[in-house]
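Taking it in order: structure first as structure tokens, then the write-up.
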Amino acid sequence: MSSPRQVTLLGSTGSIGRQAIAVAEQNPDRLQITGLAAGGGDVGLLAEQALTLGVRTVAVARATAAQDLQLAFYAAASKRGWSKGEYSLPEILAGPRAAEELAARPADVVLNGITGSIGLRPTLSALGAGRTVALANKESLIAGGALVTAAAAPGQLVPVDSEHSALAQCLRSGARGEVGRLVLTASGGPFRGRTAEQLTGVTVEEAMAHPTWDMGPVITINSATLVNKGLELIEAHLLFDVPYADIDVVVHPQSIVHSMVTFVDGATIAQASPPDMRLPIALALAWPDRLPVVQPALDWTAASTWEFAPLDEVAFPAVRLARLAGEAGGVVPALYNAANEEAVAAFVAGRLSFRGIVDLVARTLDDAPDFGVPTCVEDVLAAEKWAREHARGVISGG
């Protein structure tokens, strides 16, 4: 039997990271996590993960967290009754470029589960080092656009999002020239069926109550506005090189069918499984193979109903706006993403209404100068900086 695939895990203390660790622990003969990176907000959990997994290297984004992490590591070891000779302290990388440095270190797969466009540099670093990148950090692909796709060799980028994992699986059913349309499914979020008027006055607590997925606050609110689906539309185009005109979004509240591909002969192939992120995570880490122990399959002995409905683009204009941003290309998708991150933060802080989120993104795109085609990360970051400052100015009435 071949040795386990070595995995570097970026964003280990987040939802994706914790589930990736669970998948690896279920399949120790197939996966071995050798490096961890996190922001540094929860050094206790990071130390526990590092100790349990016996990783070589740990990276923290907060430079000041390095000493805290060392102390947490000693505390976690002593809690287990281990003396210093019984374990080795991993190498600690600290600072804003630590994850980027770790991403280039030897490994078979780098899972990028960092949230936000700060994941762009680590994605490019891993691709440049020749690593397979299991991409959960959709923002880095959306912000980086052609910079990322140009850096990736065929098959080097493997999607972790459940929808794009589903598309990758469905695309195995036919040749490239036989693909007719990609169909992204959307749960519709907690406000499915509401009109635009009924979305006035939505609270943060209401927006955080996602019906089928348990995710972090930014992704959950993005699912409520359907900005998340807009980002996934752009991601689908970039990953699979299918024109925007040939990518549809359909509302499917049960989140059982994760996406579909319609072929030129009229056949539609769907990927269905209970809503559980462990499956796409496991598939991305083992791609193109499947792991034997991941999650229970659908129970066909129990009656169930699956619904599909068209998206209401009047109540939820985020997807149409993303399509326009994607078709414009360049840094426009990065502007869309950056303005949304500022808008979500303002909504959570009570400084912007729910409907104001997408309105602010639209205004930012309308007001944006022509940044041209980005040639480096700095070009993308400059555009994002403009979008964030513009969005903040609008929020504060400037």
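Using the beta-carbon distance between ALA328 and VAL293 and R0 = 51 Å, what value does 1/(1 + (r/R0)^6) give for FRET efficiency, to the nearest 0.05?
0.70
Give me, ordered by chain and number, the residues 5 or more places off GLY116 or on other chains with an amide H under 5 Å from its own placed amide H.
GLU139
Along the Cα→Cβ direction, 7 angstrom out, place labels at ALA146 and SER353. What is the inter-label distance in nm?
So the label points at ALA146 and SER353 sit 3.9 nm apart.
Just the Cα atoms of region 329-398: what Rg and Dmax do they give in Å?
Values for region 329-398 (Cα only, Rg and Dmax): 11.8, 37 Å.
What distance in nm separates the simple spin-label points at GLU86 and GLU178, each placed 7 Å from Cα in the Cβ direction?
5.7
Once the principal axes of the Cα atoms of region 129-254 are found, what is the range along each, listed largest first in whole angstroms?
46, 33, 21
How much mean residue ellipticity at 222 nm does the chain get from its helices, if each DSSP H run of length 4 or more adds -39500 (n - 2.57) and you divide by all residues, to the nearest 500 deg cm²/dmol? Mind dumping the intermediate values first?
Values: 16 runs with 172 residues, N = 398.
-13000 deg cm²/dmol, from helical runs alone.
Placing one identical point scatterer on every Cα of region 5-160 and ignoring solvent, what is log10 I(q)/I(0) from the Debye formula at q = 0.08, 0.09, 0.11, 0.16 Å⁻¹?
-0.21, -0.26, -0.39, -0.80
Rule-based calculations on the coordinates, nothing more; no lab input. Because the structure is a prediction, the values reported are computed rather than measured. Here Cβ is always computed from backbone atoms with ideal geometry, including for glycine, and neighbour counts include all displayed protein chains.
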